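The values are calculated or read from the model by the stated rules, or taken from the named source; none is laboratory data. None of the values given here were measured: they were computed from a predicted structure. Heads up, the Cβs are rebuilt from the backbone with ideal geometry, glycines too, and the neighbour counts pull from every protein chain shown.
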Amino acid sequence: MHRWSGVEQGRRPAVSVIVALAALLLLPACGRKTGDALEEALENARPESTAAEPTRAEPAPPPAERGTEPFTPPALAALDAEAKWIDRPVRDGLKMLREAQKQETVLATVDEALALENDSAAANAKILSALGRLPEPEQADLEARIDRHVTGDLGSTNPIMISTSAEFDILGLTGFGLFSFDRILEPFATAETVASWQTSADGLLDKVVLRDDILWSDGRPITAHDIAFTYTVIMDPRVPVPAVRSGTDQLRWVHAYDDRTLVFFHKEPLATNVWNINFPVLPKHIYEKTWEQDPTLKDSPEHVTLEQSPVSGGPYEIVERKRGQQIVLRRRASWATVGGTRVREEPFFKEIRFRIIEDPNTSLLALKSGEIDEMILLPEQWTTQTKGEDFSGRNTKVTAPEWVSFHFGWNIETPFFADRRIRRAMSYAFDHDAMLEKLCYGLYEPAVGTFHQSSWMSPKKKLEPSKQDLDKAEALLDEAGWTDHDNDGVRDKEINGRLVPFEFSMLVNQQPLRVAICTLLKENLDQIGVRVNVRPTESTVLQQLTQEKKFQAYLGGWGAGTDPDSSENIWATGAGRNFTGYSNPEVDRLFAEGRRVLDRAKRAEKYARIQEILYEDQPYTWLYWRNSFYGFSKGLRGYVFSPRGPYHYSPGFSSLWMPRE
Amino acid sequence: MNASSPIRSSGFWAEAWRRFRRKPLAMAALAFVSLLMLVAGLAPAIAGTKPVICRYKGRLYAPCLGYFDRRLEPTIFAKDKFRGTYPRNLVEKDPGSWAVWPLVFQDPYRSVRDDEWPGRPANPARDEGRPSRINLFGTDQAGVDVFAKMVHGTTIALLVGFVSMGIAGSIGIVVGALGGYLGGWVDMLTSRVTEIVMCIPTLVLILSIMALLEKPTIWHTMAIIGATGWTGIARLTRGEFLRLRQSEFVTAARATGAGPVRIMLRHILPNALAPILVPITFGIASAILTESSLSFLGFGPPPPSASWGSILNDARSNLSMWWLVVFPGVAIFLTVLAYNLIGEGLQEATDPRLREARK
């Protein structure tokens, strides 16, 4: 069995590439219930995973090679004496939302909202306000079943193997976690599992005391030892963890002092530590006997059985799994009721059925016929295919801002785009209005930078979205030396004694909207003597070419992380996802500082400055923020949107419910 | 002997043409294809935004040639910052200028902007571009005129057919002739090669080669269709050559001392050509279909392209825009039908047995 581990590790980079690809193409934003953006997280995971070790059947390597330095934690009493503990928030996401909704004025009654066609911002606000509310006592049907769908099957049911959006959707409901964040991405410890959370004054320690009434689905208690054990498993390089190791690798150590007391030791006092202590948890009593024999966690007979029927630590457990077809989750009694007493609120749905549907046209048909209750709508579906009675008979639709943005990336290492003036000329040349109005049906907001305009890290003084100005674009090109020297209608410049015409390729995936945007750029640049060859490229090839910097320009997108620091691997010099080859020492410095400033207002200044510098430098021409567009069954209530969509935050999916008949 | 054979040969073709002319469907198809050629040749004069001929600052120019090749477009307009917009700039920058415009002022590669043609609004975009007086066949999601696209797409459709079957015909006839005339191990070799090539799935090959190429163009597609589509022609040619090399006129030619190349080219080929032309005609039809399906799948010429198949591809995301389906669909259907009718007409006109059977 050990032989397989090497093979698996060899495969790991491939896994990351595929998922990173999902990020670049922006499949529905992959949220990580437990923390920072999956998209960014993966990159951090890659460098160490590519260090594939030789295949080995020998005993486990010494601890130094196992991802963590040996560490002897001091006694708890000594820690308590020195730490000067500061209390951190322990909250119940559902209760917070309930409190918040008490302050809100309801814009419409449920019946009014259900009768509305969502054709204006006012109608959208009414629908969200009336249908997004939590139930009054006794109002929700606790026997209800919701039919959801995912766009691909699970790769694994093991919580630490989480990486695709389907896995985040499903394992987020069956997994156990200590931390979460609310709809403005503010982190906290969840009151459902945590009794107290404290951080030391120097920011190097986090102490968590667990509740004593939490059980695995097999009836054994969930303890601090499970979390400490999971940390060692995740950090073992033999275990092919695709995503969650980024973050935990910033930790020095995790130690369980008793069944309930857990201390996280950090390497540095970083603002991002709150995200690093947040990772999925394995049941120690199950895996401690098996994982050393089979570190892949899926090849041995025991692991195959576990894969089929995993032990759940969350409110739901998997009761049925038909590969490629559907996955059924059921609420487990031992979550809310322990020892005969109700200790937690029961989730609103008794059963959650996930159908696996890859094609968005098929899922729209399924939504219209009532086979599924929710889906993400494409702009064209939103505008043209969800107007009639066939849609609005059973369903309603809502939209909200989401932090997913698209851009043209300019390869700064090519002679064309090394000069900032040229990148700015590109932004001036592009007809942003035509893109937003015609191609995007007026549904998307213009983007100006890497952070969303409404986020706390965005500059106070709003940056102006680019507008087309061909005169400025031409002036900048002339200034940079790109004029038509040889009189052939195309701008050129002498580089190393050779006259290089300004003609470059634009890589884009084959989605019609994105090809249309690139074609628009081609038309615009054509007018000022710059030639573009639009190259629709198969998505894996596109991902590979951008990774290897074998491109001149591309169209791509990113989903924002919960923390601005996660953007570092796009902008820092030499960072893994810095496809454009951007390098600015000031930006590097600001990211490093931003991580170390704990006060949010002061941190915000750092990131705002980064945003301004990027705006000046234009390594990307930012295009638009892709908002959330969802279709929901009329029987569904309680959807509230965060910048990462309606599900992946707290309460997120847990706030959805169906009324009693 | 040599003196009489060309006379008989030309008599055969004249006879075939006489019989072909009697078939109204085949003649209508021929007229249709001729019309398409005319449209393809005159595309920039039928639909476009660049003047066919204009006088500017005392000299005559034909900017419309830019639609055939970018390098043919006079650079003086780029220098004078026309930015691709001729009507207003011509008047503003040289009041004494005049221009002959295309019949329809629409561009196959971009949407016409507001007031680009004095007094005319911008093309409708999204799903609002129904056929109208200005946009005869409607516009696509980006506002590009479908009529202009189809006129310019005619060139691609015809080129694909002729170029790919030109390649396939040359390969097929050479391979078949060699195998059929020489026989022996040459025949053995060419027949096996033919069979191997027959097994290659064209579509899959094109898809993979397009993915590998740095800058895939329509010419690559044509080359691949041609390089894989010659097997039927080769087999037919081989059969004809096998048959004819035994005939008396070949023996006679050999007796007069003609070499094998001369016999093959001068004596056998003209007599074998008629049956070979038939699969070539059908091949043109299927090449057009292949190109359309490739464009439909998104593997056609790079955007912005005016290929008929790519218009169909635009329709895929919104079927309520029926004009994106109907016009290119009908055009592809008619063209393929026309080639098939011509092929059939040719077959009947040249094959004496079929002629007898029909009587």
### Query
Within the group A:Leu545, A:Leu520, A:Leu476, A:Leu507, which residue is within 17 Å of A:His432 (Cα to Cα) and crowded, with 16+ Cβ neighbours inside 10 Å?
A:Leu520
### Query
Which residues, taken from the stretch A:343-360, are of a type in the set (Asp, Glu) and in a loop (DSSP other than H, G, I, E, B)?
A:Glu345, A:Glu346, A:Glu358, A:Asp359
### Message
Quick check on the stretch B:235-244. Is at least one of its residues touching a Ser or Thr at 6+ places or on another chain (Cβ under 8 Å), under 29 Å from B:Leu182 (Cβ atoms) and surrounded by fewer than 22 Cβ atoms within 10 Å (Cβ to Cβ)?
### Response
yes
### Task
Test each condition in (1) touching a residue at least 40 places away in the same chain (Cβ under 8 Å); (2) among the charged types (D, E, K, R); (3) part of a helix (DSSP H, G or I) for A:Glu593 and report the one that comes out false.
(1)
### Query
Only one of (1) buried (at least 24 other Cβ atoms within 10 Å of the Cβ); (2) within 15 Å of the chain's Cα centre (by Cα); (3) under 24 Å from A:His266 (Cβ atoms) is not met by A:Asp169, so which one is it?
(3)
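Condition (residue is farther than 30 Å from B:Leu182 by Cα and either part of a helix (DSSP H, G or I) or within 14 Å of another protein chain (Cβ to nearest Cβ) (or both)) applied to the stretch B:246-255: is it met by at least one residue?
Applying the first criterion (farther than 30 Å from B:Leu182 by Cα) to the stretch B:246-255 yields none.
No, the stretch B:246-255 has no match at all.
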### Message
For the stretch A:534-552, which positions are of a type outside the set (A, V, I, L, M) and touching a residue at least 40 places away in the same chain (Cβ under 8 Å)?
### Response
A:Ser539, A:Thr540, A:Gln543, A:Gln544, A:Thr546, A:Gln547, A:Lys549, A:Phe551, A:Gln552
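Report the residue count in the stretch A:612-645 for those that are assigned to a helix (DSSP H, G or I) and surrounded by fewer than 22 Cβ atoms within 10 Å (Cβ to Cβ). Give the steps one after another, and end with the answer.
First, the residues of the stretch A:612-645 that are assigned to a helix (DSSP H, G or I): A:612-617.
Okay, now just the ones that are also surrounded by fewer than 22 Cβ atoms within 10 Å (Cβ to Cβ), so A:612-613, A:615-617.
Going through the stretch A:612-645 one residue at a time, the tally reaches 5.
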### Query
Considering the stretch B:112-146 alone, what residues qualify as being closer than 15 Å to A:Tyr441 by Cβ, within 10 Å of another protein chain (Cβ to nearest Cβ), touching a residue at least 24 places away in the same chain (Cβ under 8 Å) and crowded, with 21+ Cβ neighbours inside 10 Å?
B:Asp140, B:Gln141, B:Ala142, B:Gly143
### Query
How about the stretch B:298-320: which of its residues are outside any helix (DSSP H, G or I), of a type in the set (S, T, N, Q) and at the interface with chain A (Cβ under 10 Å from one of its Cβ atoms)?
B:Ser305, B:Ser317, B:Asn318, B:Ser320
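With the stretch B:19-106 as the region, which helices (runs of 4 or more DSSP H) entirely inside it contain at least 3 residues that are of a type outside the set (Asp, Glu) and away from chain A (no Cβ under 14 Å)? Spell out the reasoning first.
Numbers: elements: B:24-46, B:76-79, B:87-93.
Helices (runs of 4 or more DSSP H) meeting the threshold: B:24-46, B:87-93.
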### Task
Within the stretch A:570-585, track down each residue that is assigned to a loop (DSSP other than H, G, I, E, B), within 17 Å of A:Ser405 (Cα to Cα) and among the hydrophobic types (A, V, I, L, M, F, W, C).
A:Phe579
### Task
Return the pairs, sorted by first residue and then second, in which the second residue is among the β-branched types (Val, Ile, Thr), the first residue lies in the stretch A:333-351 and is free of Cβ contacts under 8 Å to residues at least 40 places away in the same chain, the beta carbons are less than 9 Å apart, and the residues are 6+ apart or on different chains.
A:Ala336/A:Val343; A:Thr337/A:Val343
### Summary
Given (1) of a type in the set (Phe, Trp, Tyr); (2) within 30 Å of B:Gly229 (Cα to Cα); (3) part of a loop (DSSP other than H, G, I, E, B), B:Phe162 misses just (3)
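Could you go through the stretch A:349-370 and let me know if any residue there is in contact with a Ser or Thr (Cβ under 6 Å, 6 or more places away or on another chain), away from chain B (no Cβ under 14 Å) and closer than 25 Å to A:Gly93 by Cα. Quick ask: steps written out before the conclusion?
Step one: of the stretch A:349-370, the residues in contact with a Ser or Thr (Cβ under 6 Å, 6 or more places away or on another chain) are A:357-358.
Cutting the leftovers down to away from chain B (no Cβ under 14 Å) gives us A:357-358.
Then keep just the ones that are closer than 25 Å to A:Gly93 by Cα; that gives none.
No, the conditions are met nowhere in the stretch A:349-370.
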### Message
Given the condition part of a loop (DSSP other than H, G, I, E, B), touching a residue at least 40 places away in the same chain (Cβ under 8 Å), within 12 Å of chain B (Cβ to nearest Cβ) and charged (D, E, K, R), answer yes or no: does some residue in the stretch A:451-473 qualify?
### Response
no
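At least 1 residues that are more than 10 Å from chain B (Cβ to nearest Cβ) and over 19 Å from B:Glu214 (Cα atoms) in each: list the strands (runs of 3 or more DSSP E) lying fully within the stretch A:491-569 that qualify.
Values: elements: A:492-495, A:498-501, A:503-508, A:531-536, A:553-559.
Result: A:492-495, A:498-501, A:553-559.
Within the stretch B:205-216, which residues are more than 10 Å from chain A (Cβ to nearest Cβ) and either modelled with pLDDT of 85 or more or in a loop (DSSP other than H, G, I, E, B) (or both)?
Within the stretch B:205-216, the first condition is being more than 10 Å from chain A (Cβ to nearest Cβ), and the residues that meet it are B:205-206, B:208-209.
Of everything in the stretch B:205-216, just one residue is more than 10 Å from chain A (Cβ to nearest Cβ) and either modelled with pLDDT of 85 or more or in a loop (DSSP other than H, G, I, E, B) (or both), namely B:Leu205.
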### Enumeration of residues in the stretch B:302-349 that are crowded, with 21+ Cβ neighbours inside 10 Å, polar (S, T, N, Q) and under 28 Å from B:Lys23 (Cβ atoms)
B:Thr335
#### Entry: Failed item, numbered, when B:Lys149 is tested on (1) in contact (Cβ under 8 Å) with a residue 40 or more places away in the chain; (2) part of a loop (DSSP other than H, G, I, E, B); (3) out of contact with any Gly (no Cβ under 7 Å at 6 or more places or on another chain); (4) within 14 Å of another protein chain (Cβ to nearest Cβ)
(2)
## Note on the structure
Among residues of the stretch A:416-450 being surrounded by fewer than 20 Cβ atoms within 10 Å (Cβ to Cβ) and free of Cβ contacts under 8 Å to residues at least 60 places away in the same chain, the residue farthest from the other protein chains (Cβ to nearest Cβ) is A:Ala418
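Output the residues belonging to the stretch A:135-153 that are under 25 Å from the mean Cα position of the chain (by Cα) and assigned to a loop (DSSP other than H, G, I, E, B).
So in the stretch A:135-153, the residues under 25 Å from the mean Cα position of the chain (by Cα) come out as A:146-153.
Matches in the stretch A:135-153: A:Thr151, A:Gly152, A:Asp153.
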